[in-house]
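Encoded as structure tokens, the structure appears first; notes follow it.
Here, each number is a calculation from the coordinates, and none is a lab measurement. All values derive from a computational prediction rather than experimental measurement. Reconstructed Cβ throughout: ideal geometry from the backbone, glycine too, with neighbour counts over all protein chains shown.
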Amino acid sequence: MPDNVRAAAPRTVLHLSQPVEGGVARVVTDLVRAQTRAGLRAVVACPPGGTLSGDAAAAGAEVVPWPASREPGPSLYGETVRAARLVRRIGPDLVHAHSAKAGLAARLALRGRLPTVHQPHAWSFDAVGGATARLARYWERLATRWADRVLCVSEDERRHGVEAGVRARWAVIRNGVDTERFRPADADARARARATLPALDGLPPHAPLVVCVGRLCRQKGQDVLLRAWPEVTARVPDARLVLVGDGPWRRTLGEAAPRRALFAGAADDTVPWYAAADVVVLPSRWEGMALVPLEAMACGRPVVLTDVTGAAESLPAGHAGHCLVPPEHPDALARALTGLLTDPRLRDDLGRRALEHVRSSCDVRRTATLVARLYDEVLAERSAAPSPEIPHPLRTEPSIDPPTDPSTEPSVPPRLGPSPHTPDDRSVPPYPEPSPHTLDDPSALPNPEATERTRR
């Protein structure tokens with residue numbers, strides 16, 4: 001890690017994350033590994049289970065439990081109070097909230113009282129529709145006042161936030177991957193991977209192989225891929241498809257799977273799967289900037305992606321015509337996969353250029369350095385601003401305090417007044433403050449469309 005990262009870094013960073021598996025967990029783990037090597041005290045607060053707590057601890061971070069569910073609801077108030085208690089106990093210089101739930105709880109708990117970076121890792125309003133999406137957009141517009149920076153993993157993600165009416169103090173730092181871990185496999189390593197991966201038992205040595213790595217869920221779009229696969233095998237009869245991962249859609253996808261589509265389950269190490277693959281595919285419905293394509297390209301493999309947020313930015317120049325298809329379009333997905341499976345020379349050329357692209361632009365060490373500089377900017381801005389003494393992250397009046405017994409929760413939410421550290425007024429949306437009593441039920445927030453009509 002460069003010396004400038006060590007010099008610029010804050011003493012303690014608290015990473016708050018609800019996702020404990022998948023891309024968000026890997027981003028957090030990579031960041032804390034770099035930060036602890038640079039001399040920081042990195043603390044990760046996350047729910048039990050999954051891979052994050054073990055991986056973050058192995059990377060040198062302190063890990064503390066923060067029970068939290070994926071969805072907003074009645075548990076939100078307790079999650080927010082527990083987040084505030086953690087902040088009070090750990091005493092971080094900066095809080096880095098990852099993904100929607102942690103961003104919600106952290107910003108409600110702190111209200112700008114500590115330097116705060118919120119990283120959406122894909123916008124929550126892309127995952128839902130109707131009234132829920134409108135509420136999510138309203139919340140992001142409101143909560144941006146309590147983040148010193150909203151950190152996006154692609155310029156496309158930032159632009160999408162702007163179009164949704166989020167007026168933040170933006171930063172864009174693209175995702176990166178460990179190019180020492182993810183690197184090309186030679187012919188022997190490829191043969192070993194095909195021979196030793198249990199799901200490939202009986203696969204002919206030279207059979208065309210497409211691999212899809214990702215959680216089995218609606219976001220990742222494996223159902224669209226399974227609908228496309230019969231068209232691929234009609235043109236390439238000996239091709240095989242392997243879905244690597246697990247998730248809530250496992251049973252449904254298994255029931256819909258066509259011939260020559262296999263399920264390998266979750267993998268602790270995906271490198272052998274990239275080594276075995278001819279093509280890696282990710283048919284997502286939404287993303288911020290997915291890690292799987294970067295990992296695959298770092299291994300010298302061509303990828304086929306749906307044109308969702310961040311996808312085009314992750315590809316080398318000139319690859320979109322071969323590698324990018326519309327989301328939820330099985331015919332286009334089948335054509336792109338068939339085109340690569342039937343043209344080995346094109347695959348090799350795309351794989352070589354993809355490798356060069358990731359090594360030059362998407363190395364995780366570069367990402368970590370830029371994040372450290374962002375922390376430095378935020379802390380420098382805060383140190384230059386007036387800093388009144390704040391006795392407690394959850395209270396604005398001395399008479400109100402959360403209970404000291406962690407096994408109990410207060411029956412009435414504490415009053416959460418405006419932050420003395422509200423960032424630049426240009427980032428504050430002209431919406432009313434929510435009542436503190438809406439913390440138990442986010443749906444009680446005022447309707448943003450009605451608010452807009454009132455303002456007009």
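Assorted remarks:
- Residue match in the stretch 192-213 (condition: within 28 Å of S361 (Cα to Cα) and assigned to a loop (DSSP other than H, G, I, E, B)): no
- Single match in T196, T179 (criterion: under 26 Å from D307 (Cβ atoms) and β-branched (V, I, T)): T179
- For the stretch 31-60, a residue qualifies if it is farther than 20 Å from R373 by Cβ, surrounded by 15 or more Cβ atoms within 10 Å (Cβ to Cβ) and either within 19 Å of the chain's Cα centre (by Cα) or among the polar types (S, T, N, Q) (or both), and the qualifying residues are V43, V44, A45, C46, P47, G50, T51, L52, S53, D55, A56, A59.
- Here the strands (runs of 3 or more DSSP E) wholly within the stretch 16-127 that include at least 1 residues being among the polar types (S, T, N, Q) and touching a helix residue (DSSP H, G or I) at 6+ places or on another chain (Cβ under 7 Å) are 116-119.
- Residue within the stretch 150-157 that is in contact with an Asp or Glu (Cβ under 8 Å, 6 or more places away or on another chain), of a type in the set (D, E), more than 20 Å from A385 (Cβ to Cβ) and in a helix (DSSP H, G or I) present: yes
- Lone unmet requirement of (1) farther than 17 Å from L374 by Cα; (2) crowded, with 19+ Cβ neighbours inside 10 Å; (3) in contact (Cβ under 8 Å) with a residue 40 or more places away in the chain for P115: (1)
- Single residue of R158, R169 found to be of a type outside the set (S, T, Y), surrounded by fewer than 21 Cβ atoms within 10 Å (Cβ to Cβ) and at negative phi: R169
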